[in-house]
Amino acid sequence: MKKLILFIIFLTGMNHNFTTAQNSLGKSDDMGRISITAFVEENMNGMPAGAREFLTNKLQQIVTLNGLGGGSINPRFVITANVATLTKDVIPGPPAMIAQNLQITFYIVDYQERIVFNTTSMMIKGVGTNDTKAYIQAIKTIQPSSTELKQFVELAKVKLIEYFNSHCDILLKKAEAMVGRKQYEEAIFQLTTVPEICLDCYNLAMDKSTEVYKLYADNKCAENITKAKGAWATFDDATALFYLSDIFPDTKCYGEAQQLVQEIKDHQCARAYGAAKGAWAAQNYIEAARQLAQVPSDSKCAKDANALSTEIRGEIRDWDNEYKKYQQEYAFRYDQWTTEDRRKDIQQSADIDYRKTEAYDLQKREIEAKRAVGIAWAENNHWGWYSFGGWLW
């Protein structure tokens, strides 16, 4: 059950000096506010796989050592590089060596909007006993904390902030258009990836993302109710309860979901209690124990089931052991069902009530949920695996 409860500057028409003041948070505050992910395309101009991994690590060092960093939390901002071989010479041995003269061009981009914030190039050289080692030796000569690369990252950051300062209204309108097409997850991604350093626009985006998340949650609620009813129509109570467990107290259909949960539990109770009575009438106390262990404790016949258990306990010495055994087996069996099987432990349906009664910090969970929804959308659309051909080089 893992619901996700998730998480710039609107200055069109304002003067440049005020804009600068709003975003002058200092380098120590920038850490984590703009997150840049390092990525190098596969088979770029014949670059060996080992060198590609080494270059990716070097790119990560460049942004991290210059006050930025990244990962899957915000995959839209990317630092990448393109390497061109200028000369390649074989030096006679033994051992024979390969000498490479390379031109490497660095880019910091907004992958979502296809915007290049900054670029810079440099020449590097490397010698090794094979292509991979020659590439790696050349990449090793790159100094992440050099003045040139510091300026490269800093200027990209400035341009990124300026872009969101002047385009915040456009970003919000794009998100609204996505909502109009019921593309809620993409809209949430658009809004929750606004850098926090762009303070005014970040706040506007967070406010809008709350509105969109509410629409998203209500839409998912309606979808899950429909799926739950479909499963319940075939008396597949476990699948029905799985969908119902994804419905939260602040959604429109929560009351309807709770009614259906109770209906299912009462049906489970009637079925199991009836079977238990039949088994006990046949003096099959083991089957009676198995059935009574399946009676939900908050169903309408739970009291009668407890009374029957007490009656059997008075006559069967080993009753408690059998009853507890089936309770444990029943819980364990359902716990083994995977999400792919569309199953959940029936008793976990009580999580709906738990979220309501245990005073969750809903505001904090909502921020986490919004971010999780956006990232899930990005992952489902193959973000984190980028392609720059045709627009960057």
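Derivation of every value follows stated rules applied to the coordinates shown; laboratory data play no part. Because the structure is predicted, anything quoted here is derived from the model rather than measured. Glycine also receives a Cβ, built like all others from the backbone with ideal geometry; neighbour counts cover every protein chain displayed.
Neighbours of Trp385, meaning other residues whose beta-carbon lies under 11 angstrom from its beta-carbon, give a summed charge of -3 when Lys and Arg score +1 and Asp and Glu score -1. In terms of other Cβ atoms within 10 Å, Glu196, Glu42 run from fewest to most in the order Glu42, Glu196. Measuring nothing but alpha carbons in region 52-153 and taking Rh as the Kirkwood radius, the Rg to Rh ratio lands at 1.04. In region 137-273, taking the dipole from charged Cβ atoms about the Cα centre, the farthest positive-side position among Tyr184, Ile142, Tyr213 is held by Ile142. Principal semi-axes of the equivalent ellipsoid, √(5λ) from the alpha carbon gyration tensor of region 169-251, are 33, 12, 8 Å from largest down.
The slack in the chain from Glu42 to Asn284, taken as 0.36 nm per residue of separation less the alpha-carbon distance, amounts to 80.6 nm.
For the pairs Lys182/Lys252; Lys58/Lys159; Lys133/Lys159; Lys159/Lys214; Lys174/Lys229; Lys300/Lys370, flag any whose C-alpha to C-alpha distance is greater than 26 Å. In this structure, Lys133/Lys159; Lys159/Lys214; Lys174/Lys229; Lys300/Lys370 exceed 26 Å between Cα atoms.
For region 229-285, the equivalent ellipsoid built from the Cα gyration tensor has semi-axes of 30, 11, 8 Å, listed from largest to smallest. A crude spin-label estimate for the pair Glu148 and Met123, with each label 7 Å from Cα along the Cβ direction, gives 1.0 nm.
Here the simple spin-label model places points 7 Å from the Cα toward Cβ, and for Asn219 and Asn130 these points are separated by 5.0 nm. Computed over neighbours whose Cβ is under 13 Å from that of Ser146, the net charge equals 0, Lys and Arg +1, Asp and Glu -1.
Distance between the pseudo-spin-label points of Lys300 and Lys182 (7 Å out from Cα toward the beta carbon): 3.5 nm. Kirkwood's formula applied to the C-alpha pairs of region 257-307 gives a hydrodynamic radius of 10.8 angstrom. For region 37-145, a simple Cβ point-charge model (Lys and Arg +1, Asp and Glu -1, everything else neutral) yields a dipole of about 200 debye relative to the Cα centre.
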